[in-house]
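To start, the structure under review is shown below, and the notes come after it.
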Amino acid sequence: MLASGVCHSDHSLLTNENQRPWFQEKYILGHEGAGEIISIGDKVQDSHLKVGDHIAMFSVPGCGSASCEECSRDLAQLCLKCHHSGIGQDGFYAPYAAIDVREVLVARAKLGKGVSPEVGAVATDAVTTAYHAITRRGEVKASETVFLFGLGGLGFNALQIIKHIGPRVIVSDVRQERLDAAEKIGIPREDLVPAGTSVREFLKQRDLYGKIDTVLDFVGVHQTFTDAQDIVRRGGKMVCIGTLNTENTIDMKIGIRKRLSIIFSYGGQLKDLEAALDLIAQGVLRPQVETGRLEEFPTALKDLCDGNVKARVALLFK
């Protein structure tokens, strides 16, 4: 292992009592990984893989079976039969990891110029999940007006992806410093909702209330979920990615009268990771990653959950 990303999901995995069916009693956390191949099993037939390759590793690659109800419907990230690295089964918070070849095949792209191990590690989730939500689930187009809630580890990557696609994007975050960072990458100040300002009032003042085509919620608290239903246009889309509140309420009158599409998104797939790594290598997407050492995991996770981390943390092994 060269690097492994720290995620809010790690806290959920440590504290959630509703464990999933495949969860082992004890396992190694870490579902965002980048490493160096030191050995290849004799049954691996893929000639692209060589000892010494630096690779990004996908935690939930799917089993790939034609009889799998998820993989056969292009839903590999929902597969129940494959190995789930760091999610109920041994993952990447260890000096070495033994992985299914499909986890490497899913990455396919070798880390190289423009993609460091720490960036490659977080790309497998913090970038891929954002890319999947925006392009596959939300199907965001350049002609749209988009509203983005949250500029954390996923949200800031999402903002850069949206900016690359080309729609107008209005951004909200509770931390003014994150909004200032958005301005530095080219988001106009007039499209940034100042911290502490009502989203609804902000949009009304700019004649944008009820004119948002797609809302991307990387927060998932009661306030953002409620605001999203109000600000989106008739026939608009709400894409839900964040889960800081485990339950939110749909206003049935609003949902039906507007004929809203409320879309949930989870993880990503091979094509998303490949596309994300390409954007990073091209310099279009620059994930913000702070680094630490593996033994600093408890502190890094606490800082992340307490909001003391700007974007994402990757733990280094060398």
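The values are calculated or read from the model by the stated rules, or taken from the named source; none is laboratory data. A quick note: this is a predicted structure, and the numbers were derived from the prediction, not measured. No Cβ is skipped: glycine too gets one built from the backbone with ideal geometry, and neighbour counts run over all protein chains shown.
Would it be correct to say that residue 210 is assigned to a strand (DSSP E or B) and surrounded by fewer than 19 Cβ atoms within 10 Å (Cβ to Cβ)? Full working, then the answer.
Values: assigned to a strand (DSSP E or B): no; surrounded by fewer than 19 Cβ atoms within 10 Å (Cβ to Cβ): yes.
Here the answer is no, as residue 210 does not meet what is asked.
Which one of 193, 199, 221 is out of contact with any Leu (no Cβ under 9 Å at 6 or more places or on another chain), within 25 Å of residue 307 (Cα to Cα), β-branched (Val, Ile, Thr) and modelled with pLDDT of 95 or more? Give the derivation first.
Values: 193 fails: out of contact with any Leu (no Cβ under 9 Å at 6 or more places or on another chain); 221 fails: out of contact with any Leu (no Cβ under 9 Å at 6 or more places or on another chain).
Unique residue meeting the criteria: 199.
I need a count of the residues in region 199-214 that are of a type outside the set (D, E, K, R) and either touching a residue at least 60 places away in the same chain (Cβ under 8 Å) or farther than 11 Å from residue 231 by Cβ (or both). Before you say what the answer is, go through the steps one by one.
Looking only at region 199-214, we keep the residues that are of a type outside the set (D, E, K, R), and these are 199, 202-203, 205, 208-210, 212, 214.
Checking the rest, the ones that are also either touching a residue at least 60 places away in the same chain (Cβ under 8 Å) or farther than 11 Å from residue 231 by Cβ (or both) come to 205, 208, 212, 214.
Result for region 199-214: 4.
Looking only at residues in region 61-87 that are touching a residue at least 24 places away in the same chain (Cβ under 8 Å) and surrounded by fewer than 19 Cβ atoms within 10 Å (Cβ to Cβ), which one is farthest from residue 273 (Cα to Cα)? Break it down stepwise before answering.
Going through region 61-87, the residues touching a residue at least 24 places away in the same chain (Cβ under 8 Å) turn out to be 61-64, 74, 76-78, 80, 84-87.
Retained after the next criterion (residues that are surrounded by fewer than 19 Cβ atoms within 10 Å (Cβ to Cβ)): 63-64, 74, 78, 80.
Working: 63: 17, 64: 17, 74: 15, 78: 16, 80: 20 Å.
The extreme case among them is 80.
Would you be able to say whether some residue in region 167-179 is of a type in the set (Gly, Ala, Ser) and either touching a residue at least 60 places away in the same chain (Cβ under 8 Å) or closer than 21 Å to residue 271 by Cβ (or both)? Working first, answer last.
Applying the first criterion (of a type in the set (Gly, Ala, Ser)) to region 167-179 yields 172.
Still in the running and either touching a residue at least 60 places away in the same chain (Cβ under 8 Å) or closer than 21 Å to residue 271 by Cβ (or both): none.
No, every residue in region 167-179 fails to be of a type in the set (Gly, Ala, Ser) and either touching a residue at least 60 places away in the same chain (Cβ under 8 Å) or closer than 21 Å to residue 271 by Cβ (or both).
Looking at (1) part of a loop (DSSP other than H, G, I, E, B); (2) in contact with a Gly (Cβ under 7 Å, 6 or more places away or on another chain), which is the one condition that is false for residue 310?
(2) is the only condition that residue 310 fails.
Name the residue, out of 226, 243, that is out of contact with any strand residue (DSSP E or B) (no Cβ under 8 Å at 6 or more places or on another chain), modelled with pLDDT of 95 or more and surrounded by 15 or more Cβ atoms within 10 Å (Cβ to Cβ).
Working: 243 fails: modelled with pLDDT of 95 or more.
Selected residue: 226, the only one of 226, 243 that is out of contact with any strand residue (DSSP E or B) (no Cβ under 8 Å at 6 or more places or on another chain), modelled with pLDDT of 95 or more and surrounded by 15 or more Cβ atoms within 10 Å (Cβ to Cβ).
Could you list all residues from region 222-267 that are basic (Lys, Arg) and closer than 15 Å to residue 139 by Cβ? Before you say what the answer is, go through the steps one by one.
Within region 222-267, the subset basic (Lys, Arg) is 233-234, 237, 253, 257-259.
Scanning region 222-267 gives a single hit, 237.
What residue, among those in region 34-59 that are in contact with a strand residue (DSSP E or B) (Cβ under 7 Å, 6 or more places away or on another chain) and among the charged types (D, E, K, R), is nearest to residue 318 (Cα to Cα)?
The residue in question is 36.
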